[in-house]
Amino acid sequence: MNEVQLIRQQLALERQHVGAVAKACAALGAADAAGNPAGEALGQFRRACVDYLACVLAWFEERDQRLAELLQARSPVADPARHALEEALARRGRSRETLAKLEAACAASTAPTGSARQQAWREFGDYFDTAWSARRDAIDALLGAHSRVSDWRTLGGIDADSILEERRRYARVHAQAPPGAALGTPANPD
């Protein structure tokens, strides 16, 4: 496996994990809002989920910024590939917007009515599943043919420390997960 494949594999794994955590967090929030008591264990799980999402979605936002900078520095203005990537980057669904939805859902957790709490968590989950995921799909598809190692190093921002940090955070989410939470395979934090 070459270096580009390793970087892309890590990005795909992070995307898979962030999707599983977002779904579990939204489901927990909706269940809690429906009147199912959260308890301390579920509170710890939610905190682990929010911690993970805040970190990894921020990394995706930083990658998008680096991609925009690479496009400006290396691609001619009239390049159709650059134009397509710029359009994809401009789409609704940025990680920053997704984090704002998550923050709103967390804030709504103290709302006096269960329906307001459920709506906020549903909005976060829907936004993640539609806008964020569609934007990532578009960006990933456009980057698929790009194989310049130096660009992937810059874009990915992946190193041993970030891989271990992602694994550690995902393992924490997995360890805090209530029975029946569908998160996939736990990460090995070593």
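None of the figures in this text is laboratory data; all of them are computed from the coordinates on show. Since the structure is predicted, the reported quantities are computational estimates derived from the model, not experimental observations. Quick reminder, even Gly has a Cβ in these numbers, built from the backbone with ideal geometry, and neighbours come from all protein chains shown.
Computed packing ranks the peptides 91-101, 75-85, 44-54 as 44-54, 91-101, 75-85, most packed first, by mean other Cβ atoms within 10 Å.
Computed from phi, the 3J(HN,Hα) profile of region 130-145 under the Karplus parametrisation 6.51, -1.76, 1.60 (θ = phi - 60°) reads 9, 5, 5, 5, 5, 5, 5, 4, 5, 5, 4, 5, 6, 7, x, 8 Hz, with x in place of Gly and Pro. Only helices enter this figure: runs of n ≥ 4 DSSP H residues, each worth -39500 (n - 2.57), summed and divided by the residues of the chain, yield -25000 deg cm²/dmol at 222 nm to the nearest 500. Were the residues from Q9 through E165 laid out at 0.36 nm apart, the gain over their Cα-Cα distance would be 54.6 nm. Stokes-Einstein diffusion of the chain at 4 °C, 1.567 mPa s viscosity, Kirkwood radius from Cα pairs, rounded to a whole number: 74 µm²/s. Projected label points at S75 and D129, each 7 Å from Cα along the beta carbon direction, are separated by 3.1 nanometres.
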